[in-house]
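The values are calculated or read from the model by the stated rules, or taken from the named source; none is laboratory data. None of the values given here were measured: they were computed from a predicted structure. Using ideal geometry, Cβ is built from the backbone for each residue, glycine included, and neighbour counts are taken over all protein chains shown.
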Amino acid sequence: MKTITFYFDPISPFVWLAFQRLPEVLMGDATSPGVSYRVAYKPVLFAALLKHHGQLGPAEIPAKRDWTYRHVQWLGHSLGVPLAMPAAHPFNPLPLLRLALACSTPDAPGQVNRYVAELVLRHVWEGGADAVAPERVAALHATLADHMAQRGRELTDPNADAVKQQLRANTEEALAAGAFGVPSFVVDDKLFWGLDGLPMLKACLQGDAWFDGPGWDSAASVQVEVNLSLGGACSGAVSIRSFRVFGIQ
């Protein structure tokens, strides 16, 4: 049985959509057999991934922000996944990430079960309320504490150094695996990204021969002809060399 490591941050609506779609996509049907798998859900800080790679988040580019919010609401509608934008977005997800990791247990450090992941994601993406309003975070805290009590465990203090360190460790682990965004899925040494990467993930789990051929590794050997981001990290500036390549200067 293969293990899928699912790196997620509740700030992303695509995480919520992929979380809901994953079991359905990997389920067998008349044309494609199902796969046997387990999922390790690991919270990470999306902003740290962006910073590491020198990227802006989708919501930091005004035109892209508007499109993304329209697109994800339409995707939710078309896929039958309830999705309502929270009252404010983007928001600081640290309280939610730490709350989730406060449910991690010594036998699976850095991981949360699907129930915890769903509670945290549903908290953000259903109802359209403020995701980090203190009273709502407190209510989520109480729900998660009750869940842990039912399992015979105590909820760790979300502000404990151990929880903060685990979030950093999860994020560093994701970066080492090649993650640049969320949701990211890792199987063996292969990383798959995004909602639309789920069919590719399924094909890999099914043993599609393409993954043993040159296609996967050859992507990393494609040379970069034009650098579109010189002139400052995330500035969007096109380098002088790029203008010359395109015959503009």
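Does the stretch 46-56 contain any residue that is loosely packed, with under 12 Cβ neighbours inside 10 Å, at pLDDT 95 or above and not aromatic (F, W, Y)? Steps first, answer last, please.
The first filter runs over the stretch 46-56 and keeps only residues loosely packed, with under 12 Cβ neighbours inside 10 Å, leaving 54.
Still in the list and also at pLDDT 95 or above: 54.
Narrowing further to those that are not aromatic (F, W, Y): 54.
Yes: the stretch 46-56 contains one or more residues that are loosely packed, with under 12 Cβ neighbours inside 10 Å, at pLDDT 95 or above and not aromatic (F, W, Y).
Residues being loosely packed, with under 14 Cβ neighbours inside 10 Å and either in a helix (DSSP H, G or I) or charged (D, E, K, R) (or both): count how many of those fall in the stretch 173-186. Steps first, please.
Filtering the stretch 173-186 for residues loosely packed, with under 14 Cβ neighbours inside 10 Å gives 176, 178.
Retained after the next criterion (residues that are either in a helix (DSSP H, G or I) or charged (D, E, K, R) (or both)): 176.
Count: 1.
With the requirement that a residue be in contact with a helix residue (DSSP H, G or I) (Cβ under 7 Å, 6 or more places away or on another chain), assigned to a loop (DSSP other than H, G, I, E, B) and among the hydrophobic types (A, V, I, L, M, F, W, C), what does the stretch 187-222 give you?
Correct list: empty.
Can you tell me how many residues within the stretch 169-191 are under 24 Å from P58 (Cβ atoms), in contact (Cβ under 8 Å) with a residue 40 or more places away in the chain and more than 13 Å from the chain's Cα centre (by Cα)?
2
Which condition does P10 not pass, out of (1) over 30 Å from R65 (Cβ atoms); (2) in a loop (DSSP other than H, G, I, E, B), if it passes all the others?
(1)
Given the conditions (1) exposed (fewer than 12 other Cβ atoms within 10 Å of the Cβ); (2) farther than 21 Å from R114 by Cβ; (3) at pLDDT 95 or above, which single one is not true for D189?
D189 satisfies every listed condition except (3).
Quick grid of which residues meet (1) of a type outside the set (S, T, N, Q); (2) within 16 Å of the chain's Cα centre (by Cα); (3) in a helix (DSSP H, G or I); (4) within 22 Å of A177 (Cα to Cα):
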| site | (1), (2), (3), (4) |
| --- | --- |
| A18 | yes, yes, yes, yes |
| V35 | yes, no, no, no |
| H52 | yes, yes, yes, yes |
| A59 | yes, yes, yes, no |
| D66 | yes, no, yes, no |
| H71 | yes, no, yes, no |
| G76 | yes, no, yes, no |
| P82 | yes, no, no, no |
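Report yes if S218 is of a type in the set (S, T, Y) and under 16 Å from R21 (Cα atoms), otherwise no.
Working: of a type in the set (S, T, Y): yes; under 16 Å from R21 (Cα atoms): no.
So S218 does not fit the description; no.
Of the numbered conditions (1) over 30 Å from G34 (Cα atoms); (2) of a type in the set (D, E, K, R); (3) in a helix (DSSP H, G or I), E225 satisfies every one except a single condition; which is it?
(3)
List the pairs whose first member sits in the stretch 117-134 and is in contact (Cβ under 8 Å) with a residue 12 or more places away in the chain and outside any helix (DSSP H, G or I), whose second member is surrounded by 15 or more Cβ atoms within 10 Å (Cβ to Cβ) and among the charged types (D, E, K, R), and whose Cβ atoms are under 7 Å apart, counting only residues at least 6 apart or on separate chains?
Close Cβ pairs (under 7 Å, with a partner that is surrounded by 15 or more Cβ atoms within 10 Å (Cβ to Cβ) and among the charged types (D, E, K, R)) amount to A129/R136; D130/R136.
Looking at the structure I just gave you, is L96 buried (at least 20 other Cβ atoms within 10 Å of the Cβ), hydrophobic (A, V, I, L, M, F, W, C) and closer than 12 Å to L45 by Cα?
yes
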